[in-house]
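Undergrad: Here you go, one structure.
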Amino acid sequence: MVEAIYGCKWSLTVYQLLANGINRPGAMVRSVDGLTTKVLNTCLQRNTKFGILERVTFNEVPLRVEYKVTKFGTKFIRILDELEKLQVEIEKEI
């Protein structure tokens, strides 16, 4: 799971967008150069499948979809943050 999520270069970007309050797919695509709708949808589906993100659908016309981080996702993202800190420490020692 970690390899699949961390291997997707957009997952970390999506987590950052969600942390900044950008939770709708269209807004995510508009916020990041190079991010396509197809790639974003694959990333969101993968994260939802692993239980990191939750898809919230609103019964409106047109249909509104938002994503939010689950409780498990919050813990998982904290672990990724710690891995990033460790990577920075390692790079400083080299």
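Undergrad: Please find, within region 1-12, the residue that is farthest from the chain's Cα centre (by Cα) out of those that are within 17 Å of ARG78 (Cβ to Cβ) and not in a loop (DSSP other than H, G, I, E, B).
TA: So the residue we want is VAL2.
Undergrad: Any idea how many residues of region 13-49 are β-branched (Val, Ile, Thr), open to solvent by 30 Å² or more (accessible area, probe 1.4 Å) and under 15 Å from ILE77 (Cβ atoms)?
TA: The total comes to 2.
Undergrad: Can you spot a residue in region 74-85 that is surrounded by 15 or more Cβ atoms within 10 Å (Cβ to Cβ), assigned to a helix (DSSP H, G or I) and at pLDDT 95 or above?
TA: no
Undergrad: Right, here's the next one. For region 35-65, which positions are part of a strand (DSSP E or B) and within 13 Å of TYR15 (Cα to Cα)?
TA: Kept after step one, since they are part of a strand (DSSP E or B), are these residues of region 35-65: 53-58, 64-65.
Those that are part of a strand (DSSP E or B) and within 13 Å of TYR15 (Cα to Cα): LEU53, GLU54.
The values are calculated or read from the model by the stated rules, or taken from the named source; none is laboratory data. Just so we're clear, the structure is a prediction, and the values are computed from it rather than from any experiment. Heads up, the Cβs are rebuilt from the backbone with ideal geometry, glycines too, and the neighbour counts pull from every protein chain shown. Heads up: the accessible areas ignore ligands, DNA and RNA and are worked out on the full protein's heavy atoms, side chains in. Shrake-Rupley method; radii C 1.70, N 1.55, O 1.52, S 1.80 Å.
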